[in-house]
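Asker: Below is one structure. I have some questions about it.
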Amino acid sequence: MQRLYINPLPVRIWHWTNAVGFVLLILTGLQIRYVGQVDVMPFRAAVVLHNWIGFVLCANFFVWLGFYLFSDKIKVYHPELSPRKHFRDTFRQMVYYGYGIFRGDPNPHHVGIYRKFNPLQSTMYQIVMMILVPVQFATGVLLWDVKRFASAVEWLGGVRVVDTVHVLLFIFFSAFIFVHVYLSSLGHTPSAHFTAMWTGYEEVDDAEAPAGPPA
């Protein structure tokens, strides 16, 4: 096995801050949404905590964005420019997740320093990070102070529309966390990818490692 330095420190700090923050947002969001049915903490405390965590994660998002925009690690998000290759590799990855993994077939994607994500992950993370997360933050800010942002809320269709989008994305991110944890357990050991996100180093088979000395 070789060790590749896949996750730099800023990425790891952003990731774990995001993970803990989103879990807390979901829990406090449930308290706010189902007041009287979920009574983990006082309603007012849940609202204040939800708002502050939301602002922390907004700032954390810009840390992530700044790091990737101003470092060569942005290459891990570069899309495959050949549609034919992209769809072929995506199909192979889907077959692996849906069938091959249960037969013990090897993962068709080989991790590299600039090939961190497989085709499915690359597509999903670009949609999540560049569209869904900003929309969730934007709707959250609008709901945080409806009076201050009344004109923007009305332009978007009113509080009900903004709230519905926010709640639908809340459901999506709740499901996303479970899927993310499951897929993260599919390394050469169940804890391999979790360890990599803690230490920065991903272990890969010698046959899969890119040319050059190991990290």
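Asker: Cut-off is 10 Å between beta-carbons; in what order do Ser184, Ser71, Ser122 appear when sorted fewest neighbours first?
Answerer: On the way: Ser184 15, Ser71 12, Ser122 22.
The most exposed by this proxy come first: Ser71, Ser184, Ser122.
Asker: A further question on this structure: Could you state the principal axis extents of the C-alpha atoms in the range 62-118, from the largest down, to the nearest angstrom?
Answerer: Projected onto the principal axes, the Cα atoms of the range 62-118 cover 41, 23, 18 Å.
Asker: Choose one of Leu120, Val161, Ile131: the residue whose Cα lies farthest towards the positive end of the charge dipole of the range 112-215 (beta-carbon charges +1 Lys, Arg; -1 Asp, Glu; about the Cα centre).
Answerer: It is Val161, whose Cα lies furthest towards the positive end.
Asker: Can you give the Rg/Rh ratio of the range 1-98, where Rg is from the C-alpha atoms and Rh is the Kirkwood radius?
Answerer: Checking Rg against Rh, the ratio lands at 1.15.
Asker: Hey, can you list the DSSP H helices of the chain whose Cα span along the axis is 30 Å or longer and whose average Kyte-Doolittle score is at least 0.5? Please report the intermediate quantities before stating the final value.
Answerer: Working: long enough: 9-33 (35 Å, 1.00); 43-69 (39 Å, 1.47); 159-184 (36 Å, 1.83).
Span-like helices in the chain: 9-33, 43-69, 159-184.
Asker: Right, here's the next one. Please enumerate, by chain and number, the lysines with C-alpha under 25 Å from the C-alpha of Lys75, excluding those fewer than 8 residues away in the same chain.
Answerer: Lys85, Lys116
Asker: I need the peptides 123-129, 27-33 ranked by packing, meaning the mean over residues of other C-beta atoms within 10 angstrom, with the highest value on top.
Answerer: Ranked by mean Cβ neighbours within 10 Å, highest first: 27-33, 123-129.
Asker: So, one more: Do you know the relative contact order of the chain, to the nearest whole percent, from alpha carbon pairs under 8 angstrom that are 6+ apart?
Answerer: Taking the mean separation of contacting Cα pairs over the length of the chain, I get 34 percent.
Asker: Follow-up. Counting each DSSP H run of 4 or more residues in the chain as -39500 (n - 2.57), what helix-only mean residue ellipticity at 222 nm follows after dividing by all residues, to the nearest 500 deg cm²/dmol?
Answerer: Here the helix-only value at 222 nm equals -19500 deg cm²/dmol.
Asker: Using only the alpha carbons of the range 2-204, what is the convex hull's orientation-averaged projected area in square nanometres?
Answerer: Directional mean of the projected Cα hull area for the range 2-204 stands at 13.8 nm².
FYI, it's all coordinate maths here, none of it is from the lab. Since this is a predicted model, take the numbers as computed values, not measurements. Virtual Cβ from ideal backbone geometry, glycine too; neighbours counted across all protein chains shown.
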